[in-house]
Structure formats: C-alpha cells, structure tokens
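The values are calculated or read from the model by the stated rules, or taken from the named source; none is laboratory data. On a predicted model such as this, the values are computed, not experimentally measured, just so you know. Reconstructed Cβ throughout: ideal geometry from the backbone, glycine too, with neighbour counts over all protein chains shown. Areas reflect the complete protein model, heavy atoms only, side chains present, ligands, DNA and RNA absent. Shrake-Rupley method; radii C 1.70, N 1.55, O 1.52, S 1.80 Å.
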Amino acid sequence: GDYSFSLRVYDGQGKSDTTSLSFTVGADVSAMAEVELVLHQDLSQLKQNQLKSILDAIKVLTKSKSSIEIVRVYPARRTGLASIVFKVRSEGNTKQKYLPGRDVVKALAQSLASTPDLLEAEVHSLETVTCQNECGGHGKCDPETRECICDPFWTENMFSRYLLKAEPNCNWSVIYVAVIMLGSVTATCLLCCLTRGCNRSRLKYNRLNTAENVELAGGRAELLSSSTDTEEEEILYEAAKRKKYSKRLPRRQTNGLATASKSAKKSSRDETFA
C-alpha cells in the first residue's frame, strides 16, 4: 500500500519546519503464486505419505519439472478442514521464480474436473491465497468473500456469473443496462400498437340478415362486427343483393299496372259524366 509521513520540528525560539515522506510498499511477488488446496477431511487425518503423494500429483498435473514448495499446512480459514498452501517453482530459473497462482489453479481445476480422484483425496476447494480477480477492471475483489465490489455505475453480469458459472465480475455498465431496458420496453410497446392497429384495420361490418332488409331496433340498425373477410360471406352478400332486387322488379310492374287501371277507371268516369 501507499504510506505518507509528516514530521514537524520546533526550536527554542518557537520556529518550526516540516518535512514529508511518502513511499509505496509493493506486494510480495511470491505471494501471488500461493495456492490453497482444501481437502474434504480433518487435518488430523492427513498423513505424511498422503501429503507426499498429493504434491507429486500436483507436480505431474502442472507439468512442472521443478519442486513444489509447501508454505504451510493448517486448518482452513472458513471450514477448519485440512488446508495445504503451496507454490510451484518455474522450470530452469536460479532466482526461484514461481508459476502464477492463477495458472496453477486453472491447470489443476481442468484435470480434476475430468478425473476428481487424481489426488487420491476429495477436494473441497482450490483457489489462490490472494484474490486475483480483476473484476473486469471496474472494481476490487474482497479478500474474504472473493466477491467483487464494483465501482459506481458498474454492476455484475448476472448471465455469465450464474448461467455460465463464471467468476464474480463488474462487466456491466448501469447506464448501458438502463438504456437497453428502456429501448426494449419502447420497442415492445410499439410492436403491440402496430399489431393492434393492423387488426383494427381488418374489421368489417356486415348485415345480420342477408335475405331481407336490416330490422331496426330502437332506431338503430343491428350490425355484426366481423374480423374476417371471407369469400363465402361476399358470395352470400352478393346473392342476397341480387335476390332483393329481383323481388323489387315485379312489384314495380304490378304497381304500374295498378296505377294504369286506376287512370283508366278515372278517365271512363270522366267520359260518363261528360
């Protein structure tokens, strides 16, 4: 971390002077290589020969030709189970450079996923001692819970975390999420409005009785709203129209004859009086 110190000195005359000093203490490079392997058994049940076989298996799984350095063996922090903290030295380096802890965890996790009994013991958890999750560059990893504490206006990607089983992250911007949700709601509303508008444009009103005139009830014509414009309805409507006009034509002729006969009778009467 970063440290800053300030020193003020006074003399006998009451005068003073101040000086400040700041420096940064970097993290132990080898601490980033420490890996914690927690076995599903008590520490009292862990024997020396079992520990040796576990370290040999780790050496094979990580494809390392160098030795495995044990940091400590102790009861795990959160469970109290047997915990082995170790580091894997890199190959052919006199400065004892270690392999990155995340690479070691990744290699062991892939091997244990296919063959869980490679270490001849049930594994409870496998992780680096120091939380090395970068949280997408928008947060910090909590060393105790291993969860990400996101920066303002950033949140976790729930899909990758819970559906894809990814590690905690801060990959989603709150602003982008709000814009996408607002756009989705707007698009849904527009689609619903357009759909309802298309359905209304297809409505057609037809007569209830296609053979006779519409019967008026209370001064209003009873109409039937139909949402379909089928070919059968058009045929029935046209047939009813032709039938109605065919019935009207004879009536007009009969009315004409009746009018002519009345005119003839009237003329005959006029002649008689004349």
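What to note about this one:
- Checking every one of the GluC sites (Glu not before Pro) in the range 77-182 against DSSP loop status and a limit of 13 other Cβ atoms within 10 Å picks out Glu91, Glu120, Glu122, Glu144.
- Full extension of the chain between Ser16 and Phe153 gives 44.7 nm of extra length, using 0.36 nm per residue less the Cα-Cα distance.
- Note on Val71 and Thr130: the model spin-label points, each 7 Å out from Cα along the C-beta direction, lie 0.9 nm apart.
- Accessible area of Phe23 (1.4 Å probe, protein heavy atoms only, ligands and nucleic acids ignored): about 80 Å².
- Distance in nm between pseudo-label sites at Ala113 and Leu194 (7 Å out along the Cβ direction from Cα): 4.2 nm
- Set of the range 112-135 residues, backbone N closer than 12 Å to the point 7 Å along the Cα-Cβ line of Gln45: 121-124
- When restricted to Cα atoms, the range 94-167 yields an Rg and a Dmax of 15.2, 46 Å, respectively.
- Per-residue SASA entry for Asp103, accessible area with 1.4 Å probe, Å² rounded to 10: 90 Å²
- Of the residues Lys106, Lys87, Lys165, the one with the largest accessible area comes first in the ranking Lys165, Lys106, Lys87, computed with a 1.4 Å probe on protein heavy atoms.
- Normalised by 2.2 N^0.38 Å, with N the number of residues, the alpha-carbon radius of gyration of the range 14-159 equals 1.33.
- For the range 117-122, the Karplus equation 6.51 cos²θ - 1.76 cosθ + 1.60, evaluated at θ = phi - 60°, returns couplings of 9, 5, 8, 6, 7, 6 Hz by residue, with Gly and Pro reported as x.
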